[in-house]
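Asker: One structure is given below, represented as structure tokens, and several questions about it will come after.
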Amino acid sequence: MPKKETKKTVHFEKAITELENIVEQMEEGDLSLEASLKTFEAGIKLTRECQNALQKAEQKVQILIEESGEEQLVEFQEDDE
């Protein structure tokens, strides 16, 4: 089972790297309109995959915390930095 978790982590990290590359390509402004649309579409797909992976990870953490019976919710305090 650890292999499965590692594979998902690697996929997530790869997706983030691909998103960074897409952002760089789009910021350069050298793509045609058609290429820009395809690149943007790929970026949206990767973003959704990453959001889904993060949501699943958050749910797993929440379940583990609840199972341990040590859940302690505290107010989130945003840093002003």
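The values are calculated or read from the model by the stated rules, or taken from the named source; none is laboratory data. Keep in mind it's a predicted model, so treat the numbers as computed, not measured. Neighbour counts run over all protein chains shown; Cβ positions are idealised from the backbone, glycine included.
Asker: With the requirement that a residue be more than 12 Å from the chain's Cα centre (by Cα), part of a helix (DSSP H, G or I), modelled with pLDDT of 90 or more and charged (D, E, K, R), what does the stretch 1-33 give you?
Answerer: Selection gives E24, E27, E28.
Asker: Quick check, is D80 modelled with pLDDT of 85 or more and exposed (fewer than 10 other Cβ atoms within 10 Å of the Cβ)?
Answerer: no
Asker: Continuing with this model, one more query. Is it true that I44 is of a type in the set (V, I, T), modelled with pLDDT of 95 or more and part of a helix (DSSP H, G or I)?
Answerer: Answer is yes for this residue.
Asker: Taking the stated definitions as given, is E58 part of a helix (DSSP H, G or I) and either at pLDDT below 95 or of a type in the set (A, V, I, L, M, F, W, C) (or both)?
Answerer: yes
Asker: Scan the stretch 24-48 and report the pairs whose first residue is farther than 19 Å from H11 by Cβ and whose second residue is assigned to a loop (DSSP other than H, G, I, E, B) and not acidic (D, E), with Cβ atoms within less than 7 Å and a gap of 6+ or a chain change.
Answerer: Q25/L31; T39/L31
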